[in-house]
Amino acid sequence: MQVMVVEDDAELADGIATWLRAQGETVDVVGDGAAAGALLGRRGYDVALIDVGLPDLSGYDLVRSIRTRRQPLAVILITARDALSDRIYGLELGADDYLAKPFELPELHARMRAVLRRGDHQRVPDLRYGPLVLQEQDCQALLADQPLTLTPREWRLLRILAAAGGRTVAKERLLADGSNNAVEVYISRLRPRLMPAGLQIRSIRGFGYRLECVPGAAPDPGGA
């Protein structure tokens, strides 16, 4: 599973991350709520482990933000606060579970698996093609790990090309606003933005277009 650990105690955060990685999980660690919010806007996670007592905004505020944005991930609050009122408040804000410090890591892992088994936070898988990642849950894109801003029509066009996996897509499938010229306009806009990362949209005369990785091209994050 994809896990984000939001904890300002570096030693504790590292201990959690190291143990979870040893269990085969993919883990990112951040030390404050602002960094967590920024990362959540770029990547998809299955579970967020959030400390309540963060240095900039509280873990409660971060949970509220996640639920307001309707992000489909499970949230477990981890905190030294164990009063009943604290647990109820966190759960009412939208946390899926609440674990008081100190805790045993196997129990934490079991709780993570349990909240995912409930099935309330199924994340739509990202669509990947070479250096391009299309996060279909929130219609965001990354190119060589950098955000790529797309209009809704550019998004739909690029999604069709990426989903084809290098196969040619008939021009009719890419029609925008009922105009052949519109398709060509969007293709011309996308090409110079994709090329620095080693992607090209190739025209197949008389048929359509194909998204290809350029052999030997080195992705250039600055080109996104």
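The values are calculated or read from the model by the stated rules, or taken from the named source; none is laboratory data. Source: prediction; values computed, not measured. Cβ coordinates were reconstructed from backbone atoms using ideal geometry, including for glycine residues, and neighbour counts include every protein chain displayed. With ligands, DNA and RNA removed, areas are computed over all heavy atoms of the protein, side chains included. Shrake-Rupley method; radii C 1.70, N 1.55, O 1.52, S 1.80 Å.
Can you name every residue in the stretch 88-116 that is part of a helix (DSSP H, G or I) and in contact with a strand residue (DSSP E or B) (Cβ under 7 Å, 6 or more places away or on another chain)?
Gly90, Leu91, Leu108, Arg111, Met112, Val115, Leu116
Working only within the stretch 22-36, note down all residues that are open to solvent by less than 20 Å² (accessible area, probe 1.4 Å) and of a type in the set (Gly, Ala, Ser).
If the condition is that a residue be open to solvent by less than 20 Å² (accessible area, probe 1.4 Å) and of a type in the set (Gly, Ala, Ser), then Gly33, Ala36 are the ones that fit.
Name the single residue that is most open to solvent (accessible area, probe 1.4 Å) among those in the stretch 96-117 being within 25 Å of the chain's Cα centre (by Cα) and basic (Lys, Arg).
So the residue we want is Arg117.
So how many residues does the stretch 133-168 have that are more than 15 Å from Glu212 (Cβ to Cβ) and either out of contact with any strand residue (DSSP E or B) (no Cβ under 9 Å at 6 or more places or on another chain) or not aliphatic (A, V, I, L, M) (or both)?
17
Give the stretch 19-41 a look and list any residue that's farther than 24 Å from Pro102 by Cα and either among the hydrophobic types (A, V, I, L, M, F, W, C) or assigned to a strand (DSSP E or B) (or both), or say none.
Scanning the stretch 19-41 gives Ala34, Ala35, Ala38, Leu39, Leu40.
Are there any pairs, at least 6 apart or on different chains, whose C-beta atoms fall under 8 Å, with the first in the stretch 1-16 and open to solvent by 10 Å² or more (accessible area, probe 1.4 Å) and the second of a type in the set (A, V, I, L, M) and outside any helix (DSSP H, G or I), and if so, which?
Met1/Val47; Gln2/Val47; Asp8/Leu54; Asp14/Val29
Within the stretch 86-95, is there a residue that is open to solvent by less than 20 Å² (accessible area, probe 1.4 Å) and among the hydrophobic types (A, V, I, L, M, F, W, C)?
Within the stretch 86-95 (the criterion being open to solvent by less than 20 Å² (accessible area, probe 1.4 Å) and among the hydrophobic types (A, V, I, L, M, F, W, C)), the answer is yes, since at least one residue qualifies.
Hey, can you tell me all the residues within the stretch 157-175 that are surrounded by fewer than 14 Cβ atoms within 10 Å (Cβ to Cβ), at pLDDT 85 or above and assigned to a loop (DSSP other than H, G, I, E, B)?
Matches in the stretch 157-175: Gly165, Gly166, Arg167.
Give the stretch 50-70 a look and list any residue that's closer than 24 Å to Leu142 by Cα and open to solvent by less than 30 Å² (accessible area, probe 1.4 Å), or say none.
Leu62, Ile66
Test Gly33 against the criterion of being out of contact with any His (no Cβ under 9 Å at 6 or more places or on another chain), among the small types (Gly, Ala, Ser), within 30 Å of Val133 (Cα to Cα) and in contact (Cβ under 8 Å) with a residue 24 or more places away in the chain, and give yes or no.
yes
Filter the stretch 191-207 down to the residues that are more than 15 Å from Lys171 (Cβ to Cβ) and not polar (S, T, N, Q) and list them by number.
Of everything in the stretch 191-207, those that are more than 15 Å from Lys171 (Cβ to Cβ) and not polar (S, T, N, Q) turn out to be Arg191, Pro192, Arg193, Leu194, Met195, Pro196, Ala197, Gly198, Leu199.
Exactly one of these conditions fails for Gly44: (1) in a loop (DSSP other than H, G, I, E, B); (2) modelled with pLDDT of 85 or more. Give me its number.
Gly44 satisfies every listed condition except (2).
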